[in-house]
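**Q** Dumping the structure here so I can ask a few things about it.
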Amino acid sequence: MAKRNLTYTNPEPCSHLAEYKQNHSSRGYNSLQPSLKTNPNGRTTIKTSQSQIPRCGSCSADEGRLYFCLICSAIHCPDHAILHSQVGHAIAVDVDRAEIFCCVCNDQVYDPDFDNAVMHKQMKLKKNPQNGMLETPNKKRRRKVAILERETEATEGVSCFPWGLRGLNNLGSTCFMNSVLQAMLHTPPLRNYFLNDRHNREICQRRRRIGRRRGPPEMSCLACDVDAVFLAAFSGDRTPYSPARFLHSWWQHAANLASYEQQDAHEFFISMLDRIHEKEQSTLQPKVVGGDCHCVAHRVFSGVLRSDVTCTVCGFTSTTYDPCVDISLDLDPRNIASTLTGCLDLFTRPEKLGPDQKLHCEHCGLRQDSLKQMSIMRLPSVLCFHVKRFEHSSARRTSKKVDQYLQFPFSLDMTPYLSSSVIRNRFGNRIFAFEGDDVCKAPSEFEVFAVVTHTGKLESGHYVTYVRLRNEWYKCDDAWVTRVSEAVVRASQGYLMYYVQKMLYCRGGEEMNCMATSPRHCCL
């Protein structure tokens, strides 16, 4: 499994940040470390005093964004921070998020040196926890022994972690991106595709250079930057990696989502697959059979949903087929705790359509009341379930987070939710030939391998991923990777859940079985 030794650079910092670093080196970063505070969830903020609430030095405002000047340590609200920058103090740090902010550009900027300073502080906090309470000598000795044991366990544990487990630095409210990237890094067919050089960066760049001669310049290739993340994760380096190049590339492709604000992990997942599809579709030879796309995004995640709308008067049924890369599931509002199979039952249950959705029945020649039933015509190699935890009401102009518990199995049989099973049950389970039986012969047994979770509120939540490797579970919380028990995973608040077929199969003449050169790189 030979890979090219390629180098990638982070996006260039703004000119004001470059000027600050030239004049002040990293002294400001180091002097800021005593004021950095990290909570148990890994969020870092600035605390200038334990007894005072941070306020703007000009107007005493203590709400909204506040910025800490890295040159004179003054704190200002956004308006006064801009005025303060006119005296040459352009670079500040967001007090609430500990992220660099350029008061001249009026935007957050990323600097790996500042990232390292924050990470160094977090490492010190991990190794030297303080509870603020007086300890007896015996308690203090026991605590030191416990810390040494944890550090030894962590050191030994990292060395024996499965190949490819590497933390991803938070680049400024980017846990939504890191959580999905961790799931993608350990998606077996996707991982094997990139690690076997199926997307060759040199060839891709050559094609782009030729394309630039013939037309307007293209944007950067997101698939190339995905390949870079795979190279970094599976390089053997255990230090946290900063996917700044990938973030910059994704911003180019999804300009409407380009900001340092927290984004939705599901929306990012769909956006990333769409961009990979667009790039690979333009370079693939026409191999489309029956409407199937052979880009890696669709070969791995794409399935087909079937929708049957039936007239309640005469029984006429209108059928449509839609490709999908995920299945969005509603939580059962009638139960305090839902189950994944219960959500799938709800997804495939017949639903009476409202009066404004009446079917124009070809048999009756009129718009009639109707029933709609969803089913899965074809399963993908990797199933992604999106649990609807964010409710938005356009009428009430309100949004809320649904914290309902969801129980999910580690092994899942999808047979009951296939179109063949659903339609047979609709007709009393009578035996008859189903036109999609040849499509539904694909394996229907799946195993969970990644769960993206969301904790906290709608406006200020945090994403974490649990990945399953060699039958062990690991928690990927931005830069931190730790081994956890099954009980921790089962108790988590699942938002995106990834299942892979127990035996990957061939589709459309293209082999989808594992391409890894060693079984240890393949097995869950």
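**Q** Could you give the accessible area per residue of the range 293-397, probe 1.4 Å, as a whole number in Å²?
**A** About 50 Å² of surface per residue is accessible.
**Q** For residue 403, what charge total do you get from the other residues with a beta carbon under 13 Å from its beta carbon, if Lys and Arg give +1 and Asp and Glu give -1? The partial results should precede the final answer.
**A** Working: positive: 388, 389, 400, 401, 457; negative: 391.
After counting each charged neighbour, the total is +4.
**Q** Another question, if that's okay. Keeping all protein chains in the complex and leaving out DNA, RNA and ligands, what accessible area do you get for residue 16 with a 1.4 Å probe, in Å² to the nearest 10?
**A** In the full protein context, residue 16 sits at about 50 Å².
**Q** Same structure again: Karplus couplings for the range 296-301 from phi (6.51 cos²θ - 1.76 cosθ + 1.60, θ = phi - 60°), rounded to Hz, Gly and Pro as x?
**A** Taking θ as phi minus 60°, the curve returns 5, 4, 7, 4, 8, 10 Hz for the range 296-301.
**Q** Follow-up question, since we're still on this one. Through the Karplus equation 6.51 cos²θ - 1.76 cosθ + 1.60, θ set to phi - 60°, convert the phi angles of the range 351-366 into ³J(HN,Hα) values in whole Hz; use x for Gly and Pro.
**A** 10, 6, 7, x, x, 7, 10, 4, 7, 7, 6, 5, 7, 7, x, 9
**Q** Please list 3J(HN,Hα) in residue order for the range 167-174, calculated via the Karplus relation 6.51 cos²θ - 1.76 cosθ + 1.60 where θ = phi - 60°; whole Hz, with x for glycine and proline.
**A** In residue order, the calculated couplings are x, 10, 5, 7, 9, x, 6, 10 Hz.
**Q** Now for a different question. Which distance in nm do the two modelled labels at residue 55 and residue 205 give, with both placed 7 Å along the Cα-to-Cβ direction?
**A** About 5.5 nm separates the two model spin labels.
**Q** Tally Lys/Arg at +1 and Asp/Glu at -1 over every other residue whose Cβ is under 13 Å from the Cβ of residue 357; what's the total? Let's see the in-between values first.
**A** Details: positive: 352, 358, 367, 372; negative: 351, 356, 369.
Charge balance in the 13 Å sphere: +1.
**Q** Can you pick out the pairs among 358/401; 372/457; 352/388; 358/502; 358/457 whose Cα atoms lie more than 29 Å from each other? Write out the running numbers ahead of the final one.
**A** Numbers: 358/401 32 Å; 372/457 34 Å; 352/388 21 Å; 358/502 41 Å; 358/457 38 Å.
Violating the 29 Å Cα-Cα cut-off are 358/401; 372/457; 358/502; 358/457.
**Q** List the residues whose amide H sits under 5 Å from the amide H of residue 473, counting only those 5 or more places along or on another chain, with H placed 1.01 Å from N in the peptide plane.
**A** Those lying under 5 Å, H to H, from residue 473 are 484.
The values are calculated or read from the model by the stated rules, or taken from the named source; none is laboratory data. This structure is a prediction, so every number in the text was calculated from the model and none was measured. Glycine gets a Cβ as well: all are built from the backbone with ideal geometry, and neighbour counts include every protein chain shown. With ligands, DNA and RNA removed, areas are computed over all heavy atoms of the protein, side chains included. Shrake-Rupley method; radii C 1.70, N 1.55, O 1.52, S 1.80 Å.
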